[in-house]
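*Asks:* Please see the structure below; I have some questions.
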Amino acid sequence: MYNLPKPYLSYSSISCWLQSKNQYRQRYYESSRFISTPEIDFGKKIGEMLENRDPTLEHVKQYKNPEHRFEVDIEGITVMGYIDSYCPDTKSIIEYKTSRTKFWTPRTVAKHKQLDLYSLAIEMTEGEVNDDLELIWLETEKVNEIITGLIPITGAYEMQLTGNVKTFPRTVTDEDRAEMKDLVIKVAGEISEDYTKYLSK
């Protein structure tokens, strides 16, 4: 039995724990307000446009099911999430990313565990999954600062797409999915132990 601050894990919560345990505690134990950024807000906007089949993004590859929800049980741990674009006929997955910098490369995509988790989830819910999936990067750029009166607001700016779209193929193997399953169990165990100590203070 796991003692978690929420009744489920998601990729973002797993990633947050692995990157910064203090940040995880603030966000999930203490319910600190999540501070968004123009990049995050713009990424959500693009996600909504893709989900709604906005004609300005018709050049971006999409499958039948946008924002495909999944919920799986991994050794007593509920894991939930939404796959950006999913084809139920071929069991294929697309994940979209927006960013200004050229963070996404074949190397970073190969290490991106979100793809492993989503592949594992489809295999568990559908019985099979297409090992070959895609991460599609839509490059963005900063366009201007937002100015109120004569005083610029530090860090306030708007985003737009550059029109540069790059597709990165990735093959997720049985071994990758098995390692992801082990990682979920490991992270859940660490969070459970840490959260139990936190509650006992």
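The values are calculated or read from the model by the stated rules, or taken from the named source; none is laboratory data. Just so it is clear, the model here is predicted, and its values are computed rather than measured. Note that each Cβ is placed from the backbone with ideal geometry, even for glycine, and that neighbours are counted across all protein chains shown.
*Asks:* Please pick out the residue among Ile35, Ile77 that is under 30 Å from Leu199 (Cβ atoms) and modelled with pLDDT of 95 or more. Before the answer, list the steps.
*Replies:* Values: Ile35 fails: modelled with pLDDT of 95 or more.
Going through Ile35, Ile77 in turn, the sole match is Ile77.
*Asks:* If you don't mind, another one. Restricting the search to region 77-98, which residues are among the hydroxyl-bearing types (Ser, Thr, Tyr), crowded, with 19+ Cβ neighbours inside 10 Å and more than 18 Å from Asp132 (Cβ to Cβ)?
*Replies:* Thr98
*Asks:* Residue by residue through region 39-56, note down the ones that are hydrophobic (A, V, I, L, M, F, W, C) and in contact with a Pro (Cβ under 9 Å, 6 or more places away or on another chain).
*Replies:* Of region 39-56, the ones hydrophobic (A, V, I, L, M, F, W, C) are 40, 42, 46, 49-50.
Answer for region 39-56, where residues must be hydrophobic (A, V, I, L, M, F, W, C) and in contact with a Pro (Cβ under 9 Å, 6 or more places away or on another chain): just Leu50.
*Asks:* Okay, moving on. Restricting to region 1-44, and then to whatever is charged (D, E, K, R) and more than 15 Å from the chain's Cα centre (by Cα), can you tell me which residue is surrounded by the fewest Cβ atoms within 10 Å (Cβ to Cβ)?
*Replies:* Of region 1-44, the ones charged (D, E, K, R) are 6, 21, 25, 27, 30, 33, 39, 41, 44.
If we keep only those that are more than 15 Å from the chain's Cα centre (by Cα) too, we end up with 6, 21, 25, 27, 30, 33.
On the way: Lys6: 12, Lys21: 13, Arg25: 18, Arg27: 18, Glu30: 9, Arg33: 7.
My answer is Arg33.
*Asks:* Residues to consider are Tyr29, Tyr2; find the one that is over 29 Å from Thr162 (Cα atoms) and touching a strand residue (DSSP E or B) at 6+ places or on another chain (Cβ under 7 Å). Talk me through it step by step, then tell me what you get.
*Replies:* Details: Tyr29 fails: touching a strand residue (DSSP E or B) at 6+ places or on another chain (Cβ under 7 Å).
After ruling out the rest, the residue left standing is Tyr2.
*Asks:* So, one more: For a quick check of your reading of the model, give me the residue pairs whose first member lies in region 33-60 and is touching a residue at least 12 places away in the same chain (Cβ under 8 Å), whose second is of a type in the set (Phe, Trp, Tyr) and surrounded by 12 or more Cβ atoms within 10 Å (Cβ to Cβ), with beta-carbon atoms closer than 7 Å and at least 6 apart or on different chains.
*Replies:* Pro38/Tyr157; Gly47/Tyr96; Leu50/Tyr96
*Asks:* Now for a different question. With Val72, Val60 as the choices, which residue is in contact with a helix residue (DSSP H, G or I) (Cβ under 7 Å, 6 or more places away or on another chain), closer than 21 Å to Pro7 by Cβ and either surrounded by 12 or more Cβ atoms within 10 Å (Cβ to Cβ) or at pLDDT 95 or above (or both)?
*Replies:* Values: Val60 fails: closer than 21 Å to Pro7 by Cβ.
Of the residues listed, the single one that is in contact with a helix residue (DSSP H, G or I) (Cβ under 7 Å, 6 or more places away or on another chain), closer than 21 Å to Pro7 by Cβ and either surrounded by 12 or more Cβ atoms within 10 Å (Cβ to Cβ) or at pLDDT 95 or above (or both) is Val72.
*Asks:* Would you check if Thr101 is out of contact with any Leu (no Cβ under 8 Å at 6 or more places or on another chain), without any contact (Cβ under 8 Å) to a residue 12 or more places away in the chain and either within 22 Å of Leu50 (Cα to Cα) or buried (at least 18 other Cβ atoms within 10 Å of the Cβ) (or both)? Can you show your working first?
*Replies:* Working: out of contact with any Leu (no Cβ under 8 Å at 6 or more places or on another chain): yes; without any contact (Cβ under 8 Å) to a residue 12 or more places away in the chain: yes; either within 22 Å of Leu50 (Cα to Cα) or buried (at least 18 other Cβ atoms within 10 Å of the Cβ) (or both): yes.
Against the criterion (out of contact with any Leu (no Cβ under 8 Å at 6 or more places or on another chain), without any contact (Cβ under 8 Å) to a residue 12 or more places away in the chain and either within 22 Å of Leu50 (Cα to Cα) or buried (at least 18 other Cβ atoms within 10 Å of the Cβ) (or both)), Thr101 qualifies.
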